[in-house]
Ligand code: SF4
């Protein structure tokens, strides 16, 4: 005997039916255009002069603001400009020099481990492929994507930091919470030629507009496309806020 199909509660079914196709090309195009207009020249905010400096700065930026990292790195790179210099440094000394970026013991270990690997396995040069970069201690896909996109102009993935994760979920570009799965979803939706710019633009959008606690939805160019419940936290706009 055939089993009767289980009925979905009506409210749930209605909600599903009312849900716009979040992957519709027209919707995605509007989001990309809005980001292009809002952040036409979005760039990596970490100060650096070469791939090696960017790699170290990106490791330091974990759980830390780029502003704080930019205060620490000029002196760090002036005193220890090469992988050899940083690898040879006493770990305790390095820890003190990067202390203000937080998690300084782990970061010092990662930086020195990465420097040694660069010297031993890559001839003293930062490797330019994703597979090689993620072999370095302390380097996961996020850091590798930053280095590849910014230093080498190579789009091998999309940077998923805390801002990209939050904004992507609010805009229903993904329902995942695991950064690797979020990146996979975004790579499927965003054209490859936009991966590098899209990463920077969404990071900027997350920092300046779609903030974690009080998103500025009243100035958000994709507000009409956004059904995030977090919008209610910002509406109506606070008195005196820009139009
Ligand atoms: S409308 Fe608000 S929650 Fe939605 S993307 Fe814009 S700032 Fe973020």
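Remarks
- The condition (being more than 21 Å from residue 160 (Cα to Cα), surrounded by fewer than 19 Cβ atoms within 10 Å (Cβ to Cβ) and modelled with pLDDT of 95 or more) is satisfied by just one residue among 122, 103: 122.
- Tallying residues that are without any contact (Cβ under 8 Å) to a residue 40 or more places away in the chain, on the phi < 0 side of the Ramachandran plot and not in a helix (DSSP H, G or I) within the range 81-124 yields 5.
- The range 125-139, subset in a helix (DSSP H, G or I) and in contact with a helix residue (DSSP H, G or I) (Cβ under 7 Å, 6 or more places away or on another chain), residue nearest to residue 81 (Cα to Cα): 133
- At least 1 residues being modelled with pLDDT of 95 or more and within 14 Å of the ligand (Cβ to nearest atom) is the threshold, and among the helices (runs of 4 or more DSSP H) wholly inside the range 140-243 those reaching it are 162-170, 195-208.
The values are calculated or read from the model by the stated rules, or taken from the named source; none is laboratory data. Keep in mind the model is a prediction, meaning the values are calculated, not measured. Don't worry about glycine lacking a Cβ; one is built from the backbone with ideal geometry, like all the others, and counts go over all protein chains shown.
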